[in-house]
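Undergrad: Here it is, the structure in full.
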Amino acid sequence: MHVFRLRGNFESLDAYTPLLFDLGARGLEERPGEVWAYFPDRVELPLPGEWLELPDTDWLEAYRRDLKPVRAGAFVVLAPWHGWEGPERRLVIEPGMAFGTGHHETTRLALGALSRRVEPGMRVLDLGTGSGILAIAAAMLGAEAWGVDIDPAVIPQARANAERNRVEACFVEGSLADVEGPFDLVVANLYAELHAHLAEAYREAFGVCGLLIVTGILAERERMVREALEACSFRLLEREQEGEWVCLTWAAV
Ligand SMILES: C[S@@+](CC[C@H](N)C(=O)[O-])C[C@H]1O[C@@H](n2cnc3c(N)ncnc32)[C@H](O)[C@@H]1O
């Protein structure tokens, strides 16, 4: 296992987290004064830092030891080896592979919004499903859940996570054009430019009406998303922010 060491902490390096995962990071760990990004192989990174090589067993042990349960909305996100006594719904995700362990603000914001909006029987699409966490959460709330992702590597992981949670969810490789609507609710944890680009396609994913939850949006880029969605007849229902990250819930009208 290869570790890329960056100076800072989770908060100061937050804006780089999606980039690190996009370039193949399997997990992040905060250490005193630095963040360790774990990669199966060395990659070219446009960030200042240095590489360190660790035996695989050290990485696995350290990662498992430091990973904590995460509460978000109606859920607590657990790794398979965690125990939990609280009243929250237990969402078990095998961490360290696809994005979506519940440790990122955007995933937590989306879980909170889903907890408030999903009703049994709704047809829900999780666009950019990663670990499958949001589709699985929707299924646990009684929805007919679909997850789609352009990265073929995450689909088996999402399916395995759905089995782990004993819920039915259908996972498909591709993007919005590869799943058949209409949906009652679409949740997408992507990034601001992509949400703006997809605004019209989002509207077409619904029938007469529907709900759209978008996150992965840095506060400084929120305006771009709002303008694009307003131009496509979406009405803002709710705005949540954690750190620099924003989650917007819209009604398609
Ligand atoms: C930030 S992760 C979100 C994972 C999970 N849904 C969560 O909320 O934690 C974004 C995911 O979207 C996928 N993705 C990026 N662009 C996409 C697109 N145009 N269509 C479908 N999936 C996409 C990536 O492969 C990645 O798995």
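The values are calculated or read from the model by the stated rules, or taken from the named source; none is laboratory data. Keep in mind it's a predicted model, so treat the numbers as computed, not measured. Virtual Cβ from ideal backbone geometry, glycine too; neighbours counted across all protein chains shown. Each accessible area value is taken on the protein alone, full model and side chains, heavy atoms only, with ligands, DNA and RNA left out. Shrake-Rupley method; radii C 1.70, N 1.55, O 1.52, S 1.80 Å.
Undergrad: Being over 17 Å from the mean Cα position of the chain (by Cα) and of a type in the set (A, V, I, L, M) narrows it down to one of Ala143, Ala139, Ala110, Ala135, so name that one.
TA: On the way: Ala139 fails: over 17 Å from the mean Cα position of the chain (by Cα); Ala110 fails: over 17 Å from the mean Cα position of the chain (by Cα); Ala135 fails: over 17 Å from the mean Cα position of the chain (by Cα).
That would be Ala143, the only listed residue that is over 17 Å from the mean Cα position of the chain (by Cα) and of a type in the set (A, V, I, L, M).
Undergrad: Any idea which residue in the stretch 196-253 is nearest to the ligand (Cβ to nearest atom), counting only those that are of a type in the set (Phe, Trp, Tyr) and more than 16 Å from Leu176 (Cα to Cα)? Quick ask: steps written out before the conclusion?
TA: If we filter the stretch 196-253 for residues that are of a type in the set (Phe, Trp, Tyr), which is where we start, we get 202, 206, 234, 245, 250.
Within this subset, residues satisfying the condition of being more than 16 Å from Leu176 (Cα to Cα) are 234, 245, 250.
Values: Phe234: 19, Trp245: 11, Trp250: 17 Å.
So the residue we want is Trp245.
Undergrad: Please note which strands (runs of 3 or more DSSP E) are completely contained in the stretch 1-94 and include at least 1 residues that are farther than 24 Å from Arg164 by Cα.
TA: The strands (runs of 3 or more DSSP E) meeting that bar are 2-7, 27-31, 34-39, 50-53.
Undergrad: Looking at this structure, is Val172 in contact with a helix residue (DSSP H, G or I) (Cβ under 7 Å, 6 or more places away or on another chain), within 14 Å of the ligand (Cβ to nearest atom), under 28 Å from Pro80 (Cα atoms) and open to solvent by less than 20 Å² (accessible area, probe 1.4 Å)?
TA: Numbers: in contact with a helix residue (DSSP H, G or I) (Cβ under 7 Å, 6 or more places away or on another chain): yes; within 14 Å of the ligand (Cβ to nearest atom): yes; under 28 Å from Pro80 (Cα atoms): yes; open to solvent by less than 20 Å² (accessible area, probe 1.4 Å): no.
Here the answer is no, as Val172 does not meet what is asked.
Undergrad: Another question, then. Tell me which residues, restricted to the stretch 148-168, are over 18 Å from Pro95 (Cα atoms), within 12 Å of the ligand (Cβ to nearest atom) and touching a helix residue (DSSP H, G or I) at 6+ places or on another chain (Cβ under 7 Å).
TA: The one that is over 18 Å from Pro95 (Cα atoms), within 12 Å of the ligand (Cβ to nearest atom) and touching a helix residue (DSSP H, G or I) at 6+ places or on another chain (Cβ under 7 Å): Val148.
Undergrad: Shifting gears a bit: May I ask you to list the residues in the stretch 196-214 that are assigned to a strand (DSSP E or B) and either at pLDDT 95 or above or buried (at least 22 other Cβ atoms within 10 Å of the Cβ) (or both)?
TA: Phe206, Gly210, Leu211, Leu212, Ile213, Val214
Undergrad: Within the stretch 54-71, is even one residue within 14 Å of the chain's Cα centre (by Cα), closer than 21 Å to Glu30 by Cβ and either within 16 Å of the ligand (Cβ to nearest atom) or crowded, with 24+ Cβ neighbours inside 10 Å (or both)?
TA: To start, the set of residues in the stretch 54-71 that are within 14 Å of the chain's Cα centre (by Cα) comprises 70.
If we keep only those that are closer than 21 Å to Glu30 by Cβ too, we end up with 70.
Next, from what is left, pick out any that are either within 16 Å of the ligand (Cβ to nearest atom) or crowded, with 24+ Cβ neighbours inside 10 Å (or both): 70.
Looking through the stretch 54-71, at least one residue is within 14 Å of the chain's Cα centre (by Cα), closer than 21 Å to Glu30 by Cβ and either within 16 Å of the ligand (Cβ to nearest atom) or crowded, with 24+ Cβ neighbours inside 10 Å (or both).
Undergrad: Continuing with this model, one more query. Condition first: touching a helix residue (DSSP H, G or I) at 6+ places or on another chain (Cβ under 9 Å) and open to solvent by 10 Å² or more (accessible area, probe 1.4 Å). Now tell me which residues in the stretch 183-195 satisfy that.
TA: Matches in the stretch 183-195: Asn189, Leu190, Tyr191, Glu193.
Undergrad: Filter the stretch 79-138 down to residues that are among the acidic types (Asp, Glu) and more than 16 Å from the ligand (Cβ to nearest atom) and give me whichever is surrounded by the fewest Cβ atoms within 10 Å (Cβ to Cβ). Quick ask: steps written out before the conclusion?
TA: Taking the stretch 79-138 and keeping what is among the acidic types (Asp, Glu), we get 85, 88, 94, 105, 119, 126.
Now restrict to residues that are more than 16 Å from the ligand (Cβ to nearest atom): 85, 88, 119.
Working: Glu85: 5, Glu88: 17, Glu119: 12.
Taking the candidates together, the pick is Glu85.
Undergrad: Next up: Condition (residue is within 27 Å of Leu237 (Cβ to Cβ) and surrounded by 15 or more Cβ atoms within 10 Å (Cβ to Cβ)) applied to the stretch 151-167: is it met by at least one residue? Show your work before the answer.
TA: Our first condition is that a residue be within 27 Å of Leu237 (Cβ to Cβ); within the stretch 151-167, this holds for 167.
Then drop every residue that is not surrounded by 15 or more Cβ atoms within 10 Å (Cβ to Cβ), which leaves 167.
Yes - at least one qualifying residue is present in the stretch 151-167.
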